[in-house]
Amino acid sequence: MTIAIVTGASKGLGRSVAKFLLESNIDVFGVSRTNDESLEEVAAQSSATYTFFPTDLANMEDVKKTMDQIKEKIYAIDGLSQIYVVNNAAVVEPIKKSLHILPEELMTHYQVNVLAPMILMNEFLHVSMKQGFQVIGVNVTSGAAESPYYGWSAYCSSKASLNMYTKTVALEQEKLGTNNKVFAFSPGKMDTEMQGVIRSTDYEHFVDVDTFKHYKQQNALSDTEVVASVLTDILTDAATIENGKVYYVRDYF
């Protein structure tokens, strides 16, 4: 039996990935601040179930609580052979010059974009060693991990950190001789709420704002379902996954 844990499952790419997995009869544990009840309807039309865990990933205690709740459910599943861990949730804020970023803004950003994904992945890799199931983990990254943007010091650096974490964990799993796979996925520019936040930023804080407005005007933003179909195909074909690799959606079109 396979189950999936998807963060940020109520919106954007996370919701689309959760939908495809449910349609593939894979039970999904959705982790996000808000619930999208339509996913329960998708599950009802298949032989899968959708379980929502209300979680503020910016709150460490909330992350720990949800992790414990999920582990309790995992321990009760007979015949569990595989878990997909999809670390999708992220924030782009604060978008401003680095010298103006407040310490609490930086702490929140790194809690959501780096610490929460690392904690979740680490914990389920640890549990897999005791329970004997395979973990296929993906950290959703960004082109910003490799290219600096004015006003995006937090976002660029947090995604770069997540990439190196992915490569390091994959190396460890290889050396340990497990069958666990951990990779990163760069989805490109999608038509999401995050893009709306970017477009609403003042030029003073983000000098490339007009470029991102142009993407929307020219219909250059990918639909999340199209991107999710690529990610889901990679995720569900464990035998071909290259441990530690950063997969780019652009390579599939």
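Taking every residue in segment 224-249 that is without any contact (Cβ under 8 Å) to a residue 60 or more places away in the chain and pairing it with any residue that is open to solvent by 40 Å² or more (accessible area, probe 1.4 Å), at least 6 positions away or on another chain, the pairs with Cβ-Cβ distances below 8 Å are Val230/Tyr252. Just one of the listed residues (Ala160, Ala145) is at pLDDT 95 or above, open to solvent by less than 50 Å² (accessible area, probe 1.4 Å), within 25 Å of Val92 (Cα to Cα) and in contact with a Cys (Cβ under 9 Å, 6 or more places away or on another chain), namely Ala145. Selection of helices (runs of 4 or more DSSP H) fully inside segment 9-75 by the criterion of at least 2 residues being more than 21 Å from Ile136 (Cβ to Cβ) and open to solvent by 30 Å² or more (accessible area, probe 1.4 Å) returns 38-44, 60-75.
Residue pairs whose Cβ atoms lie under 7 Å apart, sitting 6 or more positions apart in sequence or on different chains, and linking a residue in segment 121-135 that is over 19 Å from Met164 (Cα atoms) to a partner that is open to solvent by 70 Å² or more (accessible area, probe 1.4 Å), are Gln134/Asn179.
Filtering segment 25-52 to residues that are closer than 21 Å to Val182 by Cβ and in contact (Cβ under 8 Å) with a residue 40 or more places away in the chain leaves Ile26, Phe29, Val31. Are any residues in segment 219-246 outside any helix (DSSP H, G or I), among the acidic types (Asp, Glu) and either open to solvent by less than 20 Å² (accessible area, probe 1.4 Å) or touching a helix residue (DSSP H, G or I) at 6+ places or on another chain (Cβ under 9 Å) (or both), and if so, which ones? Of everything in segment 219-246, those that are outside any helix (DSSP H, G or I), among the acidic types (Asp, Glu) and either open to solvent by less than 20 Å² (accessible area, probe 1.4 Å) or touching a helix residue (DSSP H, G or I) at 6+ places or on another chain (Cβ under 9 Å) (or both) turn out to be Asp223, Glu242.
Among the residues making up segment 197-218, those that are in a helix (DSSP H, G or I) and open to solvent by 30 Å² or more (accessible area, probe 1.4 Å) are Val197, Arg199, Asp210, Thr211, Lys213, His214, Tyr215, Lys216, Gln217.
The values are calculated or read from the model by the stated rules, or taken from the named source; none is laboratory data. The shown structure was predicted, so the numbers you read here are calculated from the model rather than taken from an experiment. Here Cβ is always computed from backbone atoms with ideal geometry, including for glycine, and neighbour counts include all displayed protein chains. With ligands, DNA and RNA removed, areas are computed over all heavy atoms of the protein, side chains included. Shrake-Rupley method; radii C 1.70, N 1.55, O 1.52, S 1.80 Å.
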